[in-house]
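Student: Encoded as C-alpha cells, here's the structure I'll be asking about.
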Amino acid sequence: MRVLIVKTSSMGDVIHTFPAVEDALRNRPDISFDWCVEEAFAAVVALHPAIGTIHKVAIRRWRKKPFGGGTWREMAGLRRALRSRRYDLVIDAQGLLKSAAVARQSGAPIAGFDRSSAREPSATLLYERKYAVRRELHAIERTRRLFGLALGYQADLSTLSSGIVPPAGGLSGVEGKTAFLLHGTSREDKKWPVEDWVETARRLVSQQFTPIVTWSNEAEKCVAEAVAGAVPETVLVPKSPLADVAAILGRSTLVIGADTGLTHLASAFGLPTVAIFLATEPGLTGPRGPYSSTLLAPAGGKVTPAEVMAEAERLLALRSETPV
C-alpha cells in the first residue's frame, strides 16, 4: 500500500508526525510512505529512513507571486509528480485548507480529521474519509490517533519514538561535553533575553561544557555573537544548511532552547532538552521526548538561568541512570 503524508509545515509540526509513522511501520509493514512538505523542511523529513520520495512544495513562496509563470510551472510539476506515484491513500495530517488542496492534487482518496477536529473545518470538504480526534490532545497524540484510524490499527500510546537519526557530520575539533543553545525563534515575545543566554553559557562553562550557538538571520547573528563575545569558550557556528545544524545538534550532550523547531528536533533525537516557553502554552504542542522538559514562565514572571541549569542537571542525571 502506497501512502502519501501531507504535512507541509512548520518544523515542529513535521517533527510531531514522526511517531505516527513509527506506529504505522510497526502495525502495517505492508505500507510505504512518501511525504509532501515545504521546501524549507525537506531536510527534516529526510531524517526518517522510512520515507521514500519527498515532494517539495513552496506555498510560502508561491503566495508572493501567485500569477507568476514560475509558480504555475512548479505547481503543475507537483501535480504531475503526485499523480505519477498512484497513491492508494493520502493522509492530510495538517487539517488546513492549503494542505487539503495539496493532497487533492494527487488524485487519490484523502483521509483527515473530521469537521469538529480539523484546524480549518473547510478542509474536510475535500476529504473522502474523516475521523474524529479530540482537539485537546497533544499534537503528537492527535496525529498518532489519526494514522491509526485511517490505516486500521490502534497505536500503543504508552511508548514514544520518532525513528529519526542525526545526519552524518558534526563539529570537528571540539571534545567533551557540548550544550547547544537554541536562542532563535520567530516571535519577539518568545525570545529569552540575551543576558540570560550569556549567563547560561557562563554557568555551562563552569561545569566543563562547551556552549554552541548558531544563527539563521541577522537578528539571531547579533545574539549569537553577543554570547560568543561574552563567553569566549562558546563555539559560534556560522549560518549553515539545516542538515549540517541537525548533525551538530544530534551529537550534543545537552540542548537548551526557546520555543522553536530545532528544540523539537533535539527532543525527537532523544537528547536532554530544556525548552523555555515565555509566551506560548506548551500543553498541546510542546516538546515530547524521554529526556525533555519545558519551563513555562509564570504570568508576569520569567524563567531564570539558575532554573534552566537546575533542570538541565536533572535531565542529565536521569539520562545517565538509564541503561543504554
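Student: With the cut-off at 14 Å, report for region 216-264 the share of all Cα pairs above it, as a whole percent. All intermediate terms of the calculation are to be shown ahead of the outcome.
Tutor: On the way: 708 of 1176 pairs.
Summing the P(r) of region 216-264 above 14 Å gives 60 percent of all pairs.
Student: Between region 194-209 and region 81-106, what is the C-alpha centre distance in whole Å?
Tutor: Between the Cα centres of region 194-209 and region 81-106 lies a distance of 46 Å.
Student: Sticking with this structure for a sec: Given a 10 angstrom Cα cut-off, can you work out which residue in Leu171, Leu249, Leu181 is the most mobile in a GNM of the chain?
Tutor: Leu171
Student: Right, next: Any number yet on Rg/Rh for region 269-324, C-alpha, Kirkwood?
Tutor: Rg divided by Rh gives 1.01.
Student: Give the share of C-alpha pairs in each 5 angstrom bin for region 33-161, from 0 to the last occupied bin, in whole percents, shortest bins first.
Tutor: 2, 10, 18, 21, 22, 16, 7, 3, 1, 0
Student: Using the reciprocal of the averaged 1/r over all distinct C-alpha pairs, how large is the Kirkwood radius of region 175-280 in Å?
Tutor: Details: mean 1/r = 0.0742 Å⁻¹.
When all Cα pairs of region 175-280 are included, the Kirkwood radius is 13.5 Å.
Student: If contacts are Cα pairs under 8 angstrom and at least 6 residues apart, what is the relative contact order of region 52-158 in percent? Before the final figure, lay out the partial values.
Tutor: Values: 141 pairs, mean separation 19.5, N = 107.
Normalised by residue count, the contact order of region 52-158 is 18 percent.
Student: Could you run the Karplus curve 6.51 cos²θ - 1.76 cosθ + 1.60 with θ = phi - 60° over region 68-77 and give me ³J(HN,Hα) per residue in whole Hz, x for Gly and Pro?
Tutor: Taking θ as phi minus 60°, the curve returns x, x, x, 4, 5, 5, 5, 5, 5, x Hz for region 68-77.
Student: Here's another thing I want to ask about it. Collect residues whose amide H, placed 1.01 Å from N in the peptide plane, falls under 5 Å from the amide H of His55; neighbours closer than 5 in sequence don't count.
Tutor: Under 5 Å from the amide H of His55: Trp35, Cys36, Val37.
Student: Of the trypsin sites (Lys or Arg not before Pro) in region 55-164, which ones lie in a loop per DSSP and count no more than 12 other C-beta atoms within 10 Å? Could the numbers behind the result be given before it?
Tutor: On the way: sites: Lys56, Arg60, Arg61, Arg63, Lys64, Arg73, Arg79, Arg80, Arg83, Arg85, Arg86, Lys98, Arg104, Arg115, Arg119, Arg129, Lys130, Arg134, Arg135, Arg142, Arg144, Arg145; in loops: Arg63, Lys64, Arg85, Arg86, Arg115, Arg119, Arg134, Arg135.
Here the trypsin sites (Lys or Arg not before Pro) that fit, given the DSSP loop and packing criteria, are Arg63, Lys64, Arg86, Arg119, Arg134.
Student: Using the Karplus curve 6.51 cos²θ - 1.76 cosθ + 1.60 with θ = phi - 60°, work out ³J(HN,Hα) for each residue of region 201-212 in order, rounded to whole Hz, and write x for Gly and Pro.
Tutor: Values per residue, Gly and Pro as x: 4, 4, 5, 5, 4, 5, 10, 6, 9, 9, x, 10 Hz.
Student: Next question. From zero up to wherever the largest Cα-Cα distance of region 1-91 sits, split into 5 Å bins and tell me the percent of pairs in each.
Tutor: Percent of pairs per bin, in order: 3, 13, 24, 23, 18, 11, 5, 2, 1.
Student: Can you tell me which of Thr210, Thr53, Thr263 moves the most in a GNM of the chain? Springs connect C-alpha atoms under 10 Å apart.
Tutor: Thr53
Student: If you take the square roots of the eigenvalues of the alpha-carbon gyration tensor of region 205-244 and sort them as a ≥ b ≥ c, do you get rounded (a/c under 1.5), prolate (a/b over b/c) or oblate?
Tutor: Values: a/c = 3.40, a/b = 1.50, b/c = 2.26.
Oblate is the answer for region 205-244, as a/c is 1.5 or above yet b/c matches or exceeds a/b.
Student: Could you estimate the translational diffusion coefficient of region 127-214 from the Stokes-Einstein equation, with Rh from the Kirkwood formula over C-alpha pairs, at 37 °C and 0.692 mPa s, in whole µm²/s? Could the numbers behind the result be given before it?
Tutor: On the way: Rh = 17.5 Å.
So the translational diffusion coefficient is about 187 µm²/s.
Student: Using only the alpha-carbon atoms, what does region 54-94 span along each of its principal axes? Please give whole angstrom values in decreasing order.
Tutor: 32, 23, 15
Student: State which entries of Lys221/Lys302; Lys130/Lys239; Lys7/Lys190; Lys177/Lys239 exceed 31 angstrom in Cα-Cα distance in the structure shown. Intermediate results must be reported in sequence, preceding the final value.
Tutor: Working: Lys221/Lys302 24 Å; Lys130/Lys239 42 Å; Lys7/Lys190 24 Å; Lys177/Lys239 22 Å.
Among Lys221/Lys302; Lys130/Lys239; Lys7/Lys190; Lys177/Lys239, the Cα-Cα distance tops 31 Å for Lys130/Lys239.
Readers should treat all values here as calculations from the given coordinates under stated rules, not as data from a laboratory. Owing to the predicted nature of the structure, the values given are computational and were not obtained by experimental measurement. All Cβ positions, even for glycine, are placed from backbone atoms using ideal geometry, and neighbour counts span all protein chains on display.
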